[in-house]
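S.K.: This is the structure I want to talk about, given as structure tokens.
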């Protein structure tokens with residue numbers, strides 16, 4: 001029985017490493033992700049720093065999934081301060097990223 005668990009746990013960890021657990025809220029669906037050049041005529045509303053798991057059981061998660069989760073989290077939080085657009089301020093690092101929030105519409 002122990003041999004089965006020793007084989008099953010790494011398999012589950014690898015499978016979980018590619019899964020996304022963040023849903024885009026209904027208000028987050030109204031928020032765009034743009035570049036800094038695209039928001040020159042917009043009002044800066046603040047910033048948000050969001051985090052998600054970058055590894056599961058010591059196994060790095062798919063980087064594309066982590067980046068997408070961070071974007072969803074930033075979009076979900078933008079409307080808390082009246083924003084409709086987010087712009088990545090820095091690159092993702094260990095499941096953490098900061099976004100500037102703007103009102104463009």
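Every number here is computed from the coordinates shown, using simple stated rules; none is lab data. Remember, it's a predicted structure, so these values are computed and weren't measured experimentally. Cβ: placed from backbone, ideal geometry, glycine included. Neighbour counts: every protein chain shown.
S.K.: For a quick check: sort 52, 85 by the number of other beta carbons within 10 angstrom, fewest at the front.
M.R.: On the way: 52 20, 85 23.
Going from least to most buried by this count: 52, 85.
S.K.: On to the next question. Using a simple spin-label model with points 7 Å from Cα along the Cα→Cβ vector, what separation in nm is obtained for residue 47 and residue 26?
M.R.: 3.2 nm
S.K.: Within 10 Å of each residue's Cβ, count the other Cβ atoms and sort 35, 27, 77 from fewest upward.
M.R.: Numbers: 35 8, 27 14, 77 22.
Least crowded to most crowded, the residues run 35, 27, 77.
S.K.: While we're on this one: Extension gain residue 60-residue 90, at 0.36 nm per residue separation less the Cα-Cα distance, in nm?
M.R.: Extra length from residue 60 to residue 90 when fully extended: 8.8 nm.
S.K.: Among 59, 101, which comes first, second and so on when ranked by fewest other beta-carbon atoms within 10 Å? Numbers along the way, then the final one.
M.R.: Numbers: 59 13, 101 26.
With the fewest neighbours first, 59, 101 line up as 59, 101.
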